[in-house]
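Here the structure is laid out as structure tokens; the discussion comes afterwards.
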Amino acid sequence: MARPLALSLPNLISILRILMVPLIVSLMLGKDYDLAFALFVVAGVSDAVDGYIAKRFDMRTELGAYLDPIADKALLVCVYITLGVQGQMAQVLVTLVVARDLLIIGAVMLSYFIGHPLRIAPLMLSKLNTAAQIIVAALMLAALGLVPALMPAVVPGEWIVAATTILSGFAYFLAWFASISAWDIARRPPGGPA
């Protein structure tokens, strides 16, 4: 059970991860891919560390429930957009990744504004998608900065990211639509118009 808002160690780690995003993007823009890769790995490790600390020492908070996915998405979306702008990643893949996240955020906001706040639990497919996005981004940065021989491994990874992005986006839409529909039906007055 998440506690109320609190600035715990896991939350501080998530905030530091968010603050790393502009630095990683800046390094990428300067074509310092080796350093960008190193910081990307540090950010990935920090994600695992804050999750472990939160669970192991019962330091989960409501703030952390929002900060952690925001940090993950900020990092991945910014890295993908930067790679797309630099022509290192297919524009269609970048568009899929960004559009899926924007649609999910839009659906959650719409639910909130119409009076049906929605907490979306991560789907297993979404976790697979996030893992694939991280691996592909890391492979791309490593190939650009350290080991060019890794580049052929990026292409099948991009296909996996594309497929899991589409499928998880569709699964989230179905879950959101079912929730909104059930809420709408429940709030209609008995015997009222359908």
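Every read-out reported here was derived from the displayed coordinates using simple, explicitly stated rules and does not represent laboratory data. Please read these numbers as outputs of a predicted model, since none were measured by experiment. So basically every Cβ, Gly included, is an ideal-geometry build from the backbone, and we count neighbours across all protein chains shown.
Under a 5 Å amide H to amide H cut-off, with H placed in plane at 1.01 Å, what residues pair with T61 once short-range neighbours are removed?
HN-HN under 5 Å from T61: R3.
How tilted is helix 9-29 with respect to the longest principal axis of the chain? Cα atoms for both, answer in degrees (0 to 90, nearest 10).
That works out to roughly 50 degrees.
Compute the long axis of helix 62-85 from its Cα atoms, compare it with the longest principal axis of the Cα atoms of the chain, and write down the angle in degrees, 0 to 90, nearest 10.
With rounding to tens, the tilt is 50 degrees.
In degrees between 0 and 90, to the nearest 10, how far off the longest principal axis of the chain does helix 124-145 point, with axes built from Cα atoms?
On a 0 to 90 degree scale, this one is about 20.
What whole-number distance in Å separates the alpha-carbon centres of the stretch 34-50 and the stretch 53-79?
So the separation of the two Cα centres works out to 14 Å.
Taking only C-alpha pairs under 8 Å that are 6+ residues apart, what is the relative contact order of the stretch 119-194 in percent?
31
In whole Hz, what ³J(HN,Hα) sequence does the stretch 108-116 give by Karplus (6.51, -1.76, 1.60; θ = phi - 60°), x for Gly and Pro?
Residue by residue, the stretch 108-116 yields 5, 5, 4, 4, 5, 5, 8, x, 10 Hz.
Here are some values of Cα extents along the principal axes in Å: (i) 72, 37, 32; (ii) 67, 39, 24; (iii) 41, 34, 31. Which one was computed from this structure?
The listed entry that was calculated here is (ii).
Compare the peptides 68-76, 111-119 by average per-residue count of other Cβ atoms within 10 angstrom and give them in order, highest first.
Ranking, from highest mean packing down: 68-76, 111-119.
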